[in-house]
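Down below is the structure, laid out as structure tokens.
The values are calculated or read from the model by the stated rules, or taken from the named source; none is laboratory data. As the structure is a prediction and not an experimental result, all values here were calculated from the model. Neighbour counts are summed over all protein chains in view; Cβ atoms, including those assigned to glycine, are modelled from backbone coordinates with ideal geometry. Note: accessible area is taken over every heavy atom of the protein model, side chains too, but ligands, DNA and RNA are not part of it. Shrake-Rupley method; radii C 1.70, N 1.55, O 1.52, S 1.80 Å.
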Amino acid sequence: MLDFIPKIPLADWVNTAVERIQDTFEFIFDPIKEDFGGFVESTAEWLSQIPPILVIIIVALMTFFVSGKKFGLSIFAIVGLWFVYNQELWEQLMYTFTLVVFASLISIIIGIPAGIWMSKSKWAQAIITPILDFMQTMPAFVYLIPAVVFFGIGMVPGIFASVVFATPPVVRFTNLGIRQVSAELVEAADAFGTTGSQKLFKVELPMARKTIMAGVNQTVMLALSMVVIASMIGSPGLGDEVLTALQRSQEGPGFVAGLGIVILAIIIDRVSQNLNKG
Amino acid sequence: MSVIKVNNLSKVFGKKTKEALSLLDEGYKKEEILKKTGCTVGVNRASFEVEEGEVFVIMGLSGSGKSTLVRLLNRLIDPTEGDVEVGGENLAKVGKERLRKVRREKMSMVFQKFGLFPFRTVLENTEFGLEIQGINKEERANKAKEALELVGLGSFIHQYPDQLSGGMQQRVGLARALANDPEVLLMDEAFSALDPLIRKDMQDELLDLQEKMQKTIIFITHDLDEALRIGDRIALMKDGSIVQIGTPEEILVNPANDYVERFVEDVDRSKVLTASHIMKRPETVDIEKHGPRVALERIREQGLSSIYVVDRSKQLKGYVIAEDVKAAREKEEKDLHTILRTDMPTVGLEAPIHEIFEIIHDAPVPVAVVEEGKLKGIIVRGAVIAALANGSGVTEDA
Ligand SMILES: Nc1ncnc2c1ncn2[C@@H]1O[C@H](COP(=O)(O)OP(=O)(O)O)[C@@H](O)[C@H]1O
Ligand SMILES: [Mg+2]
């Protein structure tokens, strides 16, 4: 009964499409893979070469000032980072951090303008909303496949998959934040003769700042949550340690590396939340 | 000269605006049109002119279309039909660029809930309009500070709006509008969110400012007392239409229809109030001591056009007008006897308000309140109208 149409070759179509894209855009993908990949790698290496004690001091100072001159977070950062160093996971931490920073930055650079566009145009909203839904509901593993096809293995495909997975919140929150600006303030801006971009930069974005920063925070956290998955396509770092431990059923090292991720997550989360308040 | 000229201006919210307009032509009411077409009539064929330097009040109940009408004037809302001429230019027809220029330079708006930017300081809020025009930092700070001085907030410039009381916040709103030095001020229920007492202060202050600056002001309110207090003329709106335009006296004395009458009927508390309730302390010169020089000084200081003259025991002698005093001063006369006038209206302390209302109409100077020949106080036109309006009659400086 149900077989009146033979199996639709959707998977084949997707294969062909991906191949096409790969061939057509080789001139983009290849330089990204080579040049950007090289840049990311050397950033991570450079970070790993900074003496850990220096990094710990800088982070401690930064958390101290960001959290309004309270000691709690700084103490946590000092102890947490020292622990990671003590477990000989310092280099992995630097790689993971690099991955998260690049993925977050790219997500934000794409996400905020997309959110702005969405807030300004009914059409953009109608088109972008289902795309975001799709991006968020699709299991994150699925993004690994095109990531590998386009960018091979290493840090770049990891960043690519993380960006796809982590961008939606910042887009949504930017859109929401701008749409929530009170009608009277928008009217006030209009009544004083603002142009579109004056209104955006002088009224809407400052008013939406807190909401947008909440989106940024979520985006960063999602990017961090991708590090284990990204390690499956060869992104080095703490995620890779977890994955290796998993493959070898070594609870101990797996737990320790996982703890490292948690420490990084807490520091990044608190810092980005406090930036929001300030 | 009229600064604003509104002709046959309509706004219909909804999709079938043409249909709604033609139903309006056929005499259908607002509710019927809503039922038939799903469209809301915001403003229905409004026509009026506002003179330069006039305070033109638009009054009506909530939902009568006041906010819509005022937003049609600077085109925050696009009209469905009709013309809005500002300084001879039809804003309904101009392009975006030009409209922006008009909003930047000619018309500023003050909002009911103040519309201040919470992330900007008082000074930065006040600078907003100038910043938008691309005026350099120094100049805009100077102009903004000037405007803030004008509304009495000179020492609060580095505070944020949420650190100020409602009344002060609205002063910032007013300063922001004034900093642009616009020809026209649009004020949509600007004082409605304030406590009654603060509201009265703000009304007085607006009138004071207006005396100095002579802007053209369109003031929206749902409150008759407020309208009577500050309006040179009042337009009454109902269901999107203007039902009467007139001076406060005209509205009170000759309500155009039942609607207006109902609006003003509980205003008639005039009989219980007397001159003593609404008079204020007179500004005087002493005929035995003072000559034209002192008289002129006082007249200038207080911004008067005339001043009452008394003798040492406060007996009312008459009044002198500014022009005469000036002339006398030029001729270097030593006293006021030659220019003294005595045709002033006088009433007793117990005179009821409606009596004063009748004589104040064509009086050349404020009414003198006299007891046993002594000048006890003076009554200005505004005080009578305010008293008729709100019945309290107690003027702040009485
Ligand atoms: N954006 C809008 N869309 C639809 N109807 C509106 C809109 N704005 C105002 N109205 C309607 O127009 C009428 C006049 O509203 P408004 O001008 O706000 O009155 P007021 O300021 O006198 O209280 C009301 O019936 C209101 O519901
Ligand atoms: Mg209103």
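Tabulated values for the structure
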{"quantity": "Of B:K106/B:K215; B:K280/B:K334; B:K5/B:K93; B:K334/B:K376; A:K120/A:K199, those spanning more than 19 Å from alpha-carbon to alpha-carbon", "calculated": "B:K280/B:K334; B:K334/B:K376"}
{"quantity": "Other-chain or far-sequence residues with amide H under 5 Å of B:G377's (modelled H)", "calculated": "B:V369"}
{"quantity": "Occluded residues from region A:142-189, i.e. those whose accessible area drops by 30 Å² or more once the chain is not alone (1.4 Å probe)", "calculated": "A:E184, A:L185, A:E187, A:A188"}
{"quantity": "Peptide-level mean, for B:112-121, of C-beta atoms on other protein chains within 10 Å", "calculated": "4"}
{"quantity": "Interchain or long-range residues, amide H under 5 Å from A:I233's placed H", "calculated": "none"}
{"quantity": "Mean accessible surface per residue for the protein assembly as shown, computed with a 1.4 Å probe while every protein chain stays in place, in Å²", "calculated": "49"}
{"quantity": "Highest-first arrangement of A:245-258, B:107-120, where packing means the average Cβ count within 10 Å", "calculated": "B:107-120, A:245-258"}
{"quantity": "Relative contact order of chain A, defined on C-alpha pairs under 8 angstrom at six or more residues apart (%)", "calculated": "23"}
{"quantity": "Positive-end residue, the protein assembly as shown charge dipole about Cα centroid, Cβ charges, pick of B:P79, A:F165, B:I217", "calculated": "A:F165"}
{"quantity": "B versus A: buried accessible surface, summed, Å² (probe 1.4 Å, to nearest 100)", "calculated": "1700"}
{"quantity": "Fluctuation leader among B:A175, B:A327, B:A295 - chain B, Gaussian network, Cα springs under 10 angstrom", "calculated": "B:A327"}
{"quantity": "Positive-end extreme of charge dipole, the protein assembly as shown - chosen from B:M202, B:G318, A:N86 (charges on Cβ)", "calculated": "A:N86"}
{"quantity": "Estimated inter-spin distance, A:T24 and B:S22, nm [label 7 Å along Cα→Cβ]", "calculated": "5.0"}
{"quantity": "Helical contribution to [θ] at 222 nm, DSSP H n ≥ 4, -39,500 (n - 2.57), averaged over chain A, rounded to 500", "calculated": "-26000 deg cm²/dmol"}
{"quantity": "Whichever aspartates and glutamates have a C-alpha closer than 14 Å to that of B:K314, once near sequence neighbours (fewer than 8 apart) are set aside", "calculated": "B:E283, B:D286, B:E288, B:E371, B:E372"}
{"quantity": "Minimum 10 Å² accessible area buried by the other protein chains, region A:192-234 residues, probe 1.4 Å, relative to alone", "calculated": "A:F192, A:G193, A:T194, A:T195, A:Q198, A:K202, A:V203, A:P206, A:M207"}
{"quantity": "Residue-span extension gain [B:S313 to B:E97] - 0.36 nm each, minus C-alpha spacing", "calculated": "71.2 nm"}
{"quantity": "Per-residue [θ]222 nm for chain B (sum of -39500 (n - 2.57) over DSSP H runs n ≥ 4, rounded to 500)", "calculated": "-11500 deg cm²/dmol"}
{"quantity": "Within the accessible area of region B:275-388 (1.4 Å probe), percent carbon and sulfur", "calculated": "44"}
{"quantity": "Modelled FRET efficiency - R0 30 Å, A:N86 with A:L275, Cβ distances, 0.05 increments", "calculated": "0.55"}
{"quantity": "Formal net charge of residues neighbouring B:P282 (Cβ-Cβ distance under 10 Å; K, R +1; D, E -1)", "calculated": "+3"}
{"quantity": "Relative contact order (percent, whole number), region B:275-388, Cα cutoff 8 Å, 6+ residue spacing", "calculated": "30"}
{"quantity": "Over chain B, relative contact order from alpha-carbon pairs under 8 Å, at least 6 apart, %", "calculated": "16"}
{"quantity": "Rounded Å value of the spacing that divides the Cα centres of region B:141-198 and region B:1-57", "calculated": "31"}
{"quantity": "Dipole in debye (nearest 20) - the protein assembly as shown, about Cα centre, beta carbon charges: Lys, Arg +1; Asp, Glu -1", "calculated": "540"}
{"quantity": "Furthest towards positive pole of dipole, B:L340, B:V384, B:G303, structure part region B:275-388, Cβ charges", "calculated": "B:G303"}
{"quantity": "Principal-axis tilt of helix B:292-302 within chain B, Cα atoms, nearest 10 degrees", "calculated": "30"}
